[in-house]
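Chemist: Submitted below is the structure of interest, expressed as structure tokens.
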């Protein structure tokens, strides 16, 4: 997205702070922390706090700077000025209208976590620049929620942020996920959160290059079709809840043997096809949630129902077995079984004229999560 020159020209005082002509030096994570007692925002919209203990790092006190209700980029830049050459653990900007984020806004500040929320941003780069210059070796967490980001923005300009582990772009206006965004970049990314956008299309190999990706959240979008080529093999958590999926492509989960949780709640899926799920069903730690789907409990479910052991339905029994597969879902039709939890189904209760095939010795039994 291009911005008229009149909109992005930096005022003289701001240019003095952000000057890209200044000598380049990127402070390390070991740089001295910003002393909160010297931090002062005359308008009282930003505050510096020293956290005694945080969920992500309890080895030392963390410095957090939080700004809300800012109305100008110049104000934000002046607030950041005393932080240059210092380390802050988290910077948060919310409920603000600063227009955009210049690439060099955080230059010479060692920031480990950036959070933007409810703050419309037209872009985070200008021209051919890379995003968030100077944070290549320090930024571990980047969250830009409800910032009206769209798919025309060059997210590939974040590719140099090699320390980044979590990227949260939830609740924006993304409609397409481009293959170019994550190609040969963000090699350390562990969590990618894209919940609550308007995503209709994921390009063929959009996430395939994220080889260390642990969690992928695509819930609350408009997805109708998925391909195996889109995903890396090492995923542990895959959330596809509240989309428009009516079927899963055969082979979609092939080779994804690390999966621990798959969430498909609130879609339009009618069956658990063997050519989709059999590839990962040998994983004893697997959990699948498929509530709120129009599941048809008929002969197509024989393959999975026959794996339910009849000996273990009570919660006490399940707690005695630490590693067991969970399957959480209910039949929607036909009427004779509508509302029944999948764990209650047997080969005899399935409305099917064909008997279940004989269980082979090597077939892995399923210990379901009882209703």
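The values are calculated or read from the model by the stated rules, or taken from the named source; none is laboratory data. Please read these numbers as outputs of a predicted model, since none were measured by experiment. Note: ideal-geometry Cβ built from the backbone for every residue, glycine included; neighbour counts use all protein chains shown.
Chemist: Is it the case that the stretch 349-358 has a residue that's assigned by the TED database to the domain that holds residue 241, under 26 Å from residue 239 (Cα atoms), modelled with pLDDT under 95 and surrounded by 14 or more Cβ atoms within 10 Å (Cβ to Cβ)?
Modeler: No, there is no match, as no residue in the stretch 349-358 is assigned by the TED database to the domain that holds residue 241, under 26 Å from residue 239 (Cα atoms), modelled with pLDDT under 95 and surrounded by 14 or more Cβ atoms within 10 Å (Cβ to Cβ).
Chemist: List every residue pair whose Cβ atoms lie under 8 Å apart, where the two residues are 6 or more positions apart in sequence or sit on different chains, the first residue falls within the stretch 40-59 and is on the phi < 0 side of the Ramachandran plot, and the second residue, located anywhere, is at pLDDT below 85 and surrounded by 14 or more Cβ atoms within 10 Å (Cβ to Cβ).
Modeler: So the pair list comes out as 50/61; 51/61; 52/61.
Chemist: Say we look at the stretch 319-340 and pick out the residues that are buried (at least 17 other Cβ atoms within 10 Å of the Cβ) and outside any loop (DSSP other than H, G, I, E, B); which of these is modelled with the lowest pLDDT?
Modeler: Checking each candidate, the answer is 326.
Chemist: Which numbered condition in (1) in the same structural domain as residue 133 (by the TED database); (2) modelled with pLDDT of 55 or more is the only one that residue 59 fails?
Modeler: (2)
Chemist: With respect to residue 277, is the statement that it is touching a strand residue (DSSP E or B) at 6+ places or on another chain (Cβ under 9 Å) and not assigned by the TED database to the domain that holds residue 179 true?
Modeler: Yes.
Chemist: Do we have any residue at all in the stretch 69-77 that's over 30 Å from residue 151 (Cβ atoms), part of a loop (DSSP other than H, G, I, E, B) and either out of contact with any strand residue (DSSP E or B) (no Cβ under 9 Å at 6 or more places or on another chain) or at pLDDT below 95 (or both)? Lay out the reasoning, then the answer.
Modeler: Step one: of the stretch 69-77, the residues over 30 Å from residue 151 (Cβ atoms) are none.
Within the stretch 69-77, none of the residues are over 30 Å from residue 151 (Cβ atoms), part of a loop (DSSP other than H, G, I, E, B) and either out of contact with any strand residue (DSSP E or B) (no Cβ under 9 Å at 6 or more places or on another chain) or at pLDDT below 95 (or both).
Chemist: Can you report the number of residues in the stretch 83-99 which are in contact (Cβ under 8 Å) with a residue 40 or more places away in the chain and touching a helix residue (DSSP H, G or I) at 6+ places or on another chain (Cβ under 7 Å)?
Modeler: Qualifying residue count, the stretch 83-99: 1.
Chemist: Another question about this same structure. So which residues in the stretch 277-292 are more than 23 Å from the chain's Cα centre (by Cα) and crowded, with 20+ Cβ neighbours inside 10 Å?
Modeler: Within the stretch 277-292, just 281 meets the criteria.
Chemist: Failed condition for residue 257, given (1) within 18 Å of residue 280 (Cβ to Cβ); (2) out of contact with any helix residue (DSSP H, G or I) (no Cβ under 6 Å at 6 or more places or on another chain); (3) surrounded by 15 or more Cβ atoms within 10 Å (Cβ to Cβ), with all others met?
Modeler: Here residue 257 meets the rest and fails (3).
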